[in-house]
Amino acid sequence: MAKESIVMQQNDMYDVIVIGGGPAGLTAGLYLARARYRVLVLEQEAFGGQITITSEVVNYPGIAVTDGKQLTETMREQAQNFGAEFMLAQATGLEVHDDVKVVHTNRGDFKAFGILLATGASPRKLGFIGEKEFAGRGVAYCATCDGEFFTGKEVLVIGGGFAAAEEAVFLTKYASKVTILVREDDFTCDAAVAAEAKNHPKIEIKYHTQIDEVKSEGASGLTSAVIHDVHSKESSEWKPTTSDTFGVFVFAGYVPKTELVQNVVELDDQGYVITRDYLQTSVPGVYAAGDLRVKNLRQVVTATADGAIAAVELERYAKTMSEKTGIVPNRPTTSATPEAANKTIQQDASTSSEQSGAFSADVLKQLNMVFSKLTKPVILQLTLDNSNISSQLESFITNLVESSDSRLTMEITRVEQNAYDASEVLPQALPLVRICTLDEEKNIVDSGLAFHGIPSGHEFNSFILGIYNVGSNGQGIDEDSLQRIKSITTNIKIQLLVSLTCTMCPETVLSAQRIASLNPSVQAEAYDISHFEDIKDHYDVMSVPCIIITQEDGSQTVEFGKKNIAQMLDLIQA
């Protein structure tokens with residue numbers, strides 16, 4: 001009986017649970033799995049962390065130039081290939097004072113000997129007048145996601161650190177002029193990084209200057225700002241000189257995501273986790289790595305170093321606890337193949353994106369893995385006009401259907417021109433593709449999921465998983481969220497305005513469309529905003545993702561930013 005009890009515990013146990021899927025967490029997962037320890041990496045939103053919104057990474061050793069998304073995706077693939085396990089879930093509580101620790105999540109409870117906290121940090125809001133009011137309509141926090149909305153316009157960049165200097169240079173690709181407001185007398189980042197901003201002909205820098213307010217006076221966009229000199233305390237009005245309106249990008253540091261461990265481990269006055277030698281917290285067996293801990297430099301390279309150091313210490317801790325308790329988790333014995341690692345495409349949106357045209361061999365392998373799980377027919381209904389973008393969508397979907405081994409079919413409706421009213425709820429903007437299936441009488445049933453434009457780039461992930469969710473039992477979902485979805489009885493329409501270059505959009509689209517796939521009262525349609533300028537203008541959109549929720553009574557809510565399923569349910573008041 002004792003042996004059976006231990007075997008049961010083996011299957012139920014991890015050596016280490018990593019909470020957070022950024023560079024620190026991914027590195028720890030890689031090191032632990034490679035050492036043949038069983039490790040689970042939990043991530044609440046999307047794997048990769050804050051670096052995924054960085055368009056260009058040039059200071060990571062050994063890699064000349066890359067972007068944040070690609071860098072962390074490679075980290076994740078490495079960890080998967082060694083046998084690390086991954087799950088999208090929100091950690092909601094910890095039990096940490098026994099030999100076996102418990103992590104409570106919205107997808108169940110998980111046990112482990114050790115825990116690594118790697119939840120990172122989120123962009124800091126400054127609190128100036130108008131910041132909240134104009135968020136998404138002139139105030140932004142991600143240059144990669146929102147820079148294109150300010151093409152030909154001036155922008156203010158707030159901050160004096162690495163992010164402000166680097167992203168200001170990036171924004172010159174779009175903006176007519178960039179003005180950086182630096183609160184200190186100089187930049188606080190590396191001189192080489194600051195030099196590129198200082199020497200750029202399209203960048204002006206105002207030192208010891210702080211923003212107090214942004215205003216919009218009878219225009220669709222911001223028209224002026226109030227700033228002040230921190231030395232003289234004198235305030236002045238700032239207006240753009242090369243455009244009528246402007247944007248504000250805030251890069252003022254980060255706030256640690258440590259709400260989960262308040263009153264669990266020791267924090268400093270700013271909420272950062274205090275670590276001791278080799279990154280142990282005040283609780284034995286609980287370690288911290290990355291941007292959430294007290295440290296003097298927060299960069300990808302220091303996060304990965306933290307992850308490696310903490311992982312090695314947790315290996316020793318897990319080995320000691322296993323010997324003490326007699327419990328041996330079901331550890332990996334061999335490295336997984338790349339094909340096996342790709343199985344997680346059914347669990348989260350992390351597969352590679354493709355433009356229209358033939359798919360690569362690697363992507364085809366992943367698609368075949370998804371399509372083999374379909375249990376219901378899926379029909380892709382295209383509505384096309386005579387535009388070039390419609391031709392591209394037809395080619396894209398044709399290639400997808402031909403790659404599905406007859407598991408997908410498509411139907412095409414052609415119209416002469418793309419005529420629609422941008423003010424309508426879910427306007428019939430073309431081209432579009434709807435994901436449909438068949439009922440028991442073989443009638444075509446609209447799932448409520450649609451994409452207007454071409455679902456390529458980062459949206460390729462959410463589109464493929466939308467097909468999977470409609471054509472099978474779909475991705476796992478916690479019982480509480482499932483019951484909330486089932487409780488929806490009124491018709492709700494969700495319009496998602498996205499950009500194919502936005503790393504935050506796919507998770508939001510996936511969350512809304514997962515809800516729609518489980519309840520016919522909900523429609524969730526995504527629009528590539530680059531093709532529908534009039535829709536963007538109608539809602540004054542200057543940031544993505546933009547979420548427009550229309551209730552059955554006609555009332556509308558407009559919200560911006562990445563949302564998981566629980567947050568989306570909150571928005572639709574389920």
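Structure notes:
- Among residues of the stretch 417-449, those that are in contact with a Leu (Cβ under 7 Å, 6 or more places away or on another chain), closer than 28 Å to Y539 by Cβ and open to solvent by 60 Å² or more (accessible area, probe 1.4 Å), counted: 0
- Residues that are surrounded by 14 or more Cβ atoms within 10 Å (Cβ to Cβ) and in contact (Cβ under 8 Å) with a residue 60 or more places away in the chain, drawn from the stretch 525-535: E525, A526, Y527, D528, S530, H531, F532, I535
- The set of residues in the stretch 81-103 that are under 13 Å from Q44 (Cβ atoms) and either of a type outside the set (G, A, S) or out of contact with any helix residue (DSSP H, G or I) (no Cβ under 9 Å at 6 or more places or on another chain) (or both) comprises F86, M87, L88, A89, Q90, T92, V103.
- For the stretch 216-263, residues that are farther than 18 Å from D291 by Cα, touching a residue at least 12 places away in the same chain (Cβ under 8 Å) and of a type outside the set (D, E, K, R) total 25.
- Filter result (farther than 17 Å from T550 by Cβ, among the polar types (S, T, N, Q) and not in a helix (DSSP H, G or I)) within the stretch 482-517: S487, S499, T501, T503
- Residue in the stretch 198-206 that is under 21 Å from K132 (Cβ atoms) and in contact with a Leu (Cβ under 9 Å, 6 or more places away or on another chain) present: no
- Checked against (1) under 19 Å from the mean Cα position of the chain (by Cα); (2) of a type outside the set (S, T, N, Q); (3) within 26 Å of Q567 (Cβ to Cβ); (4) surrounded by fewer than 20 Cβ atoms within 10 Å (Cβ to Cβ), L26 meets all criteria but (4).
- Selection status of G221, modelled with pLDDT under 95 and under 26 Å from E166 (Cα atoms): yes
- Only listed residue being touching a Phe, Trp or Tyr at 6+ places or on another chain (Cβ under 7 Å), among the β-branched types (V, I, T) and either at pLDDT 90 or above or open to solvent by less than 10 Å² (accessible area, probe 1.4 Å) (or both), chosen from V541, V509, V522, V558: V558
- 2 or more residues in contact with a Ser or Thr (Cβ under 8 Å, 6 or more places away or on another chain): qualifying strands (runs of 3 or more DSSP E) within the stretch 191-272: 203-206, 209-215, 224-229, 235-238, 254-256
- All conditions but one from (1) part of a helix (DSSP H, G or I); (2) at positive phi; (3) open to solvent by less than 10 Å² (accessible area, probe 1.4 Å) apply to Y278; the one that does not is (3).
- Residue in the stretch 110-128 that is open to solvent by 40 Å² or more (accessible area, probe 1.4 Å), more than 30 Å from F170 (Cβ to Cβ), in a loop (DSSP other than H, G, I, E, B) and in contact (Cβ under 8 Å) with a residue 24 or more places away in the chain present: no
- Subset tally (residues that are open to solvent by less than 40 Å² (accessible area, probe 1.4 Å) and either at positive phi or free of Cβ contacts under 8 Å to residues at least 24 places away in the same chain (or both)) for the stretch 129-148: 3
- Residues in the stretch 450-480 that are assigned to a helix (DSSP H, G or I) and open to solvent by 40 Å² or more (accessible area, probe 1.4 Å): E479, D480.
- Per-region count, the stretch 359-416, residues closer than 24 Å to E77 by Cβ, hydrophobic (A, V, I, L, M, F, W, C) and either open to solvent by 50 Å² or more (accessible area, probe 1.4 Å) or in contact with a Cys (Cβ under 7 Å, 6 or more places away or on another chain) (or both): 3
The values are calculated or read from the model by the stated rules, or taken from the named source; none is laboratory data. The structure presented is a predicted model; accordingly, all values stated were derived computationally and were not measured. Cβ coordinates were reconstructed from backbone atoms using ideal geometry, including for glycine residues, and neighbour counts include every protein chain displayed. Heads up: the accessible areas ignore ligands, DNA and RNA and are worked out on the full protein's heavy atoms, side chains in. Shrake-Rupley method; radii C 1.70, N 1.55, O 1.52, S 1.80 Å.
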